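Since the structure comes first, as structure tokens, the remarks are kept for the end.
Every read-out reported here was derived from the displayed coordinates using simple, explicitly stated rules and does not represent laboratory data. Keep in mind the model is a prediction, meaning the values are calculated, not measured. Because the Cβ atoms are built from the backbone with ideal geometry, glycine has one as well, and the counts that use them run over all protein chains shown.
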Amino acid sequence: MAGLLTSTFRIPGFHQLADLFPKHIASLRERLHRGDQQIKTTIIKLKFEPEDHQRIDLLQWLNGQENFPRVAWTNRENSYQMAGIGSAAPQIQMDTCQAGDFSGLASGLAKDGFEYLRFFGGIAFDPTTTSDAEWRSFNIGRFVAPMFSFEVEQGQTRFIAQIVAIDKLAPALDRLLAEFLMLNESFVHDSISEANFRITQEIPNHSGWLDIHHQILTEIDQNQIEKVVLAKKLVVRSDGNLSPLRIFQELDRTNPHAFKYYFEFEEGSAFTGASPERLFSIHEHELTSEALAGTRPQGTSATESRQFGDALLTSEKDQREHGIVFDELQRRFELLTDQIHGDDHPGILNQVFVQHLHQTLSGRLKTGTGPVRVLEILHPTPALGGHPQAAALGAIKKYEPFCRGWFGGPVGWIQGNQAEFAVGIRSALCIAQNQINLYAGVGIVAGSEANAEWAEMNQKLRVWEGSLGL
């Protein structure tokens with residue numbers, strides 16, 4: 001069993017962190033010097049909290065750093081925000097995977113002391129399929145525990161420095177200090193307005209979508225499938241070098257009530273988005289998830305938005321689509337939990353440009369059930385895959401003319417038996433120096449209209465208006 005060496009330091013303000021951090025490391029090193037013999041694995045975790053309750057812009061700090069990986073996460077309630085860089089421990093990389101089997105992630109998390117670290121990352125939508133070259137740096141799944149991070153939780157901002165020490169503590173402290181001294185103290189305020197963005201490719205295009213939609217409806221009419229979720233991909237290019245993190249900063253600012261995520265494991269390739277959908281969260285053995293299906297736009301006024309919402313609540317087609325998702329979620333919850341409870345009826349979840357039918361479900365996890373097992377059972381939900389699962393996933397492989405990669409996959413964090421994951425939608429892959437791929441999908445059921453679904457995907461893509469000006 002690994003040990004945990006943790007200390008919390010109260011400092012006057014973060015402006016003194018550069019001076020005080022080396023002094024605290026030296027003091028800690030001196031105290032440990034006499035006993036620095038051969039040790040078991042130890043997690044060193046140092047927390048710095050300002051006495052003046054100073055708030056900083058986490059993403060501007062992250063944008064000022066030059067090391068990788070760089071990751072960021074904000075939950076939908078805005079009660080927890082994190083921006084971090086570097087690796088406190090070896091990254092967990094999943095290179096192969098069988099359907100419903102994330103044992104590679106489980107074995108990576110099972111290493112001594114890793115239960116004390118919060119790992120951020122994600123998994124591909126279809127982990128059984130080899131991703132194309134655009135997704136090379138993401139693997140089937142990849143998770144990192146940042147060496148340095150700023151966190152804001154319940155209004156308290158803290159700086160965290162952490163590292164895994166093996167054999168001796170002193171070398172780990174020396175490395176932690178050396179890496180800290182490489183951090184950039186500046187906060188970058190660069191702009192994305194210098195670049196002009198244009199759509200260069202739409203996959204599929206509108207005529208291709210009409211053909212695919214017709215073929216899916218034919219399979220639904222033949223009772224081969226009940227629901228399929230298909231997506232489109234926009235290839236957007238800029239006339240200058242784009243800054244993925246700056247794009248994410250604008251996305252974060254313009255989408256206040258979404259799960260915001262940013263993963264840049266290697267320079268120049270970043271996956272980012274603002275998802276409305278919680279896959280699940282686990283807190284003190286309580287599992288919470290939700291069914292999210294059915295969409296209407298927001299109106300140009302509060303009255304019009306309410307009218308759209310009322311239409312969504314009374315739509316037979318949307319209620320049926322939502323019911324498919326919720327019923328399947330309940331079935332999977334029975335495999336994972338006891339004492340299931342949740343909303344009796346769907347309500348409305350509002351986002352900036354759209355609104356969705358939304359219904360929560362919670363339950364007490366069965367003994368021995370942890371986050372990885374929950375991932376295996378809940379992903380992919382019918383909200384992003386379809387139903388029945390095998391037939392729907394087969395239709396996606398058959399008809400969708402691009403590789404989803406992490407789009408639609410689980411993104412979030414795990415720490416011991418606690419976890420929070422969103423569904424990686426309203427997302428983008430930034431690649432090369434001037435290309436960004438945008439993704440949006442819709443659920444197709446009996447009664448779906450091709451042009452209406454096409455318009456819905458375009459409405460969902462409006463999440464990028466503020467960042468890219470499209």
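Were the residues from D221 through I377 laid out at 0.36 nm apart, the gain over their Cα-Cα distance would be 53.3 nm.
Amide H to amide H distances under 5 Å link S87 with M147, where only residues 5 or more positions off or on other chains count and H is placed in the peptide plane. Could you tell me the distance between the Cα centroids of region 342-369 and region 434-470, to the nearest Å? Measuring centre to centre over Cα atoms gives 23 Å. The angle separating the long axis of helix 389-399 from the principal Cα axis of greatest extent in the chain is about 80 degrees.
Highest mean first, the peptides 345-356, 408-419, 67-78 sorted by other C-beta atoms within 10 Å per residue fall in the order 408-419, 67-78, 345-356. Taking a point 7 Å out from the Cα of A18 in the direction of its Cβ, the residues of region 140-180 whose backbone N falls within less than 14 Å of it are 180.
The angle separating the long axis of helix 244-254 from the principal Cα axis of greatest extent in the chain is about 70 degrees. Once the chain from A446 to S27 is taken as fully extended at 0.36 nm per residue, the excess over their C-alpha distance is 144.1 nm. The simple spin-label model puts a point 7 Å past each Cα toward its Cβ; for E77 and Q201 those points are separated by 4.2 nm.
Between S301 and A391, the contour length at 0.36 nm per residue exceeds the alpha carbon distance by 28.3 nm. The peptide list 359-365, 25-31, put in order of mean Cβ contacts within 10 Å with the highest first, becomes 359-365, 25-31.
The HN-Hα couplings worked out from phi for region 223-230 by the Karplus form 6.51 cos²θ - 1.76 cosθ + 1.60 (θ = phi - 60°) are 6, 7, 9, 9, 8, 10, 9, 10 Hz, whole numbers, x standing for Gly and Pro.
Distance from the Cα centroid of region 233-276 to that of region 3-22 is 31 Å (rounded to whole angstrom).
Toward the positive end of the charge dipole of the chain, with +1 on the Cβ of Lys and Arg and -1 on the Cβ of Asp and Glu, the farthest Cα among P244, Q65, Q16 is that of Q16. Once the Cα atoms of helix 17-33 and of the chain are each reduced to a long axis, what angle between those two axes, in degrees from 0 to 90 to the nearest 10, is obtained? The two axes meet at around 60 degrees. From the alpha carbon centroid of region 286-326 to that of region 41-72 is 38 Å.
Only helical DSSP H runs with n ≥ 4 go in: add -39500 (n - 2.57) per run for the chain, normalise by residue count and round the 222 nm mean residue ellipticity to 500 deg cm²/dmol. Could you put the intermediate results ahead of the total?
Numbers: 12 runs with 137 residues, N = 470.
Computed ellipticity for the chain at 222 nm equals -9000 deg cm²/dmol.
A crude spin-label estimate for the pair D239 and Q330, with each label 7 Å from Cα along the Cβ direction, gives 5.6 nm. For region 346-358, putting each phi into the Karplus relation 6.51 cos²θ - 1.76 cosθ + 1.60 with θ = phi - 60° gives couplings of x, x, 10, 9, 8, 10, 4, 10, 9, 9, 10, 5, 8 Hz, in residue order, rounded to whole numbers and with x for Gly and Pro. Remark: region 199-208, residue by residue, has Karplus-estimated 3J(HN,Hα) of 7, 10, 7, 10, 10, x, 7, 4, 5, x Hz, where x stands for each Gly or Pro and the curve is 6.51 cos²θ - 1.76 cosθ + 1.60 at θ = phi - 60°.
Site pair E49 and K366 shows an inter-label distance of 3.9 nm when each label is modelled 7 Å from Cα along Cα→Cβ.
When the listed pairs K317/K366; K227/K317; K47/K366 are checked against a 23 Å cut-off, the alpha-carbon distance exceeds it for K317/K366; K47/K366.
Relative contact order for the chain: 20 percent, from Cα pairs under 8 Å spaced at least 6 residues apart, divided by residue count.
Annotation: amide H of G113 within the under-5 Å range of A2, sequence separation 5 or more or interchain, hydrogens built in the peptide plane.
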